[in-house]
Amino acid sequence: MNYYLRYFDKEILVDNVDDAIAFLADIPEVDMNPMLEEDIRIYCASDVYYPKRYKVRPRVYFIIIKTDAPTMLDFKEKRAVHPSLDRIEKPMAPVLVRLNEELYGWYEGSLDFKRVLMVPGTGKFQYRDTHFVAQCKAMSGMDCYNRIVEYLRGRVDERSQFPSAKGKNFRFHFLGLCK
């Protein structure tokens, strides 16, 4: 296991923790103390492969990344990606599966969006949270979303903002088959 360390434009790829600590000790801004050294040793010995960043001062950090890359060039070109991270496949969320499931019928969709409205007293415009519910014939939840947004685009100010169909501001449920 190798360790990539970077602090601004100073960077190094080392193969042991002692070299990493020596690199950090040579940087005057990094206050290498026994607690920091112990924390770095614990991180390097752990099975965690996520990068770790340490605060030097407000909004200034150095970073440590575990890698299997033998050289800095291999690390920079991402030739040694950790194998366990390659195998992880994110399962498709059930909402996304239902959103694209085709079943022709009646759907009820509700949408929370930002609607642009003029304030009568000032003549200025502002965004207002608006809840809209509609029942429509559609092929899927995504089709229901598209029909609702298409309907609203023709009836509200074009600066109004519509949420993603995959987000929490759009909900739908199937009411029944069409005849």
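Largest first, what is the accessible-area ranking of 140, 46 with a 1.4 Å probe?
Values: 140 10, 46 40 Å².
From most exposed to least exposed: 46, 140.
Where does segment 4-67 land on Rg/Rh, using Cα atoms and the Kirkwood Rh?
Details: Rg = 10.8 Å, Rh = 11.9 Å.
Ratio of gyration radius to Kirkwood radius for segment 4-67: 0.91.
Give, in nm to one decimal, the length gained when the segment between residue 71 and residue 178 is fully stretched (0.36 nm per residue of separation minus the Cα-Cα distance).
Extending this stretch completely gives an extra 32.3 nm.
What's the whole-number percent of alpha carbon pairs in the chain lying beyond 29 angstrom?
55
I want to check the label-to-label distance for residue 22 and residue 114. Put each point 7 Å from Cα in the C-beta direction and report it in nm to one decimal.
Going by the 7 Å Cα→Cβ label model, 5.4 nm.
What is the extension gain from residue 6 to residue 31, computed as 0.36 nm multiplied by their sequence separation minus the C-alpha to C-alpha distance, in nm to one decimal? Working shown, then result.
Details: separation 25, 0.36 × 25 = 9.00 nm, distance 1.51 nm.
Contour length minus the Cα-Cα distance gives 7.5 nm.
When averaged across all projection directions, what area in nm² does the alpha-carbon convex hull of segment 90-179 cover? Please report the intermediate quantities before stating the final value.
Values: hull surface 27.4 nm².
If I average the Cα hull's projected area over directions, I get 6.8 nm².
Quick check for you: with a 1.4 Å probe and neighbouring chains kept, what is the accessible area per residue of the chain, in Å²? Please list the in-between numbers first.
On the way: 12400 Å² over 179 residues.
For the chain, the per-residue accessible area is 69 Å².
Quick one: with all protein chains in place, what share of the accessible area of the chain is carbon or sulfur, to the nearest percent (1.4 Å probe)?
Details: 6570 of 12400 Å².
Carbon-and-sulfur percentage of accessible area, whole number: 53.
Given a cut-off of 25 Å, name the pairs among 114/166; 10/66; 66/168 whose C-alpha atoms lie farther apart than that in the structure shown.
On the way: 114/166 16 Å; 10/66 17 Å; 66/168 35 Å.
Flagged as over cut-off: 66/168.
Normalised by the number of residues in the chain, what is the relative contact order in percent for Cα pairs under 8 Å and 6+ residues apart?
Numbers: 258 pairs, mean separation 33.2, N = 179.
Reported relative contact order: 19 percent.
The values are calculated or read from the model by the stated rules, or taken from the named source; none is laboratory data. These numbers were taken from a predicted model, which means no experiment stands behind them. Please note: Cβ atoms are built from the backbone with ideal geometry, for glycine as well, and neighbour counts cover all protein chains shown. When the accessible area is computed, the model is the full protein with side chains, heavy atoms only, and any ligands, DNA or RNA have been set aside. Shrake-Rupley method; radii C 1.70, N 1.55, O 1.52, S 1.80 Å.
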